[in-house]
Amino acid sequence: MAWNMAQSLLCLLGAASPYRLVAKDHKDRFRRLAFATHNVTLSLYWSPFLARATGRSENHTMPYDTVHLDALADRWSADADTMDVVVINAGHWFWSQAVYRNGSDVIGAHASTGLNLTEIGIVRPFREAYRTALERLMSSGRRPRTVVSTTFSPTHFEGKTYDDPTACTNKIPYREGEKELGSVEKELRSVVHEETASIERSTSDGVRFEVLDVTKLSSLRPDGHPGAYMNRDPYAHGVPERMPTDCLHSCLPGPVDTFNDILLQILMTKRR
Ligand SMILES: *[C@@H]1O[C@H](CO)[C@@H](O)[C@H](O)[C@H]1NC(C)=O
Ligand SMILES: *[C@@H]1O[C@H](CO)[C@@H](O)[C@H](O)[C@H]1NC(C)=O
Ligand SMILES: *[C@@H]1O[C@H](CO)[C@@H](O)[C@H](O)[C@H]1NC(C)=O
Ligand SMILES: *[C@@H]1O[C@H](CO)[C@@H](O)[C@H](O)[C@H]1NC(C)=O
């Protein structure tokens, strides 16, 4: 979703102003774009656990990731001292199979890694990675002016598996109250609010913290996903029994553009 939001942001900015690619790396999807007319660079980092991770997130044929909760993903962490505005968006990868370490200690695992390790769940590693990330930004030699924490955006697989062709066919938004958030989804949203408030309390100088709370607005948009159209012409040969669907990411244009509309409002509004 972070990458989805970044692509949306680039489309929106690119429609208003020319830019050029000044750096990229296919390995971790890193991109840096320069908007010369505004003297601004936009850097896009893909680090799904925020923390340093090796394994499945780099190579999908691997069975799981090993996530080092005491260390951050190298590239964004190395660049942290150069950023004026930071937008963080993470969450979904914590559902994936992973072994979590703290230094040389294995503190647990999530989902079927095939290893006999204590189940750690999703919320605890997410909280610890989030906290470590915020602390890194505050410990940098040159702190950002603004840190925007994006909350969790739920999927809409309608209780079915992702390869059921009917799992993602909603064509209209939910009405208010029609669909409840899951308990883990609620908790992940709260973690972002709590950890952001906590770092804000412990930081005395003028860094501005904002929560970009997109959980409710995205929860109401089961119609906004690519669905079966994650691949071209999915029904070219009739309706297959099994077919991958995407009920997680947002179409462009689509609901994720609203995340960036709100981000723009946040950045244009002077605090107090
Ligand atoms: C462009 O931004 C850099 C870094 O913030 C600053 O040092 C420089 O003076 C700016 N240039 C112009 C033309 O505003
Ligand atoms: C991904 O991992 C598999 C083994 O699980 C390996 O054979 C393959 O070379 C790896 N691919 C890349 C691009 O590293
Ligand atoms: C890692 O271990 C250190 C030292 O025991 C501890 O202070 C820290 O809270 C631990 N971090 C995590 C993510 O468990
Ligand atoms: C898994 O770990 C537990 C606790 O360390 C141990 O009692 C159990 O025998 C282990 N199971 C297997 C299949 O290794």
Just checking, how many residues over the stretch 80-108 are in a strand (DSSP E or B) and either open to solvent by less than 20 Å² (accessible area, probe 1.4 Å) or not polar (S, T, N, Q) (or both)? 12
Would you confirm whether or not the stretch 17-28 contains a residue that is open to solvent by 90 Å² or more (accessible area, probe 1.4 Å), touching a Phe, Trp or Tyr at 6+ places or on another chain (Cβ under 6 Å) and modelled with pLDDT under 95? no
Picked from the stretch 109-142 (must be farther than 21 Å from SER202 by Cα, more than 16 Å from ligand 3 (Cβ to nearest atom) and aliphatic (A, V, I, L, M)), the residue most open to solvent (accessible area, probe 1.4 Å) is LEU115
Only residues that are within 16 Å of ligand 3 (Cβ to nearest atom), of a type in the set (Ser, Thr, Tyr) and within 19 Å of LEU188 (Cβ to Cβ): list them for the stretch 53-108, please. TYR100
Looking only at the stretch 38-52, count how many residues are touching a residue at least 40 places away in the same chain (Cβ under 8 Å) and within 16 Å of ligand 3 (Cβ to nearest atom). 3
Output the residues belonging to the stretch 59-79 that are more than 16 Å from ligand 2 (Cβ to nearest atom), open to solvent by 60 Å² or more (accessible area, probe 1.4 Å) and either under 17 Å from ILE120 (Cβ atoms) or touching a Leu at 6+ places or on another chain (Cβ under 8 Å) (or both). ASP70
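The values are calculated or read from the model by the stated rules, or taken from the named source; none is laboratory data. Predicted model only: the values in this text are computed from it and were never measured. Glycine gets a Cβ as well: all are built from the backbone with ideal geometry, and neighbour counts include every protein chain shown. Only protein heavy atoms, including side chains, enter the accessible area calculation; ligands, DNA and RNA are left aside. Shrake-Rupley method; radii C 1.70, N 1.55, O 1.52, S 1.80 Å.
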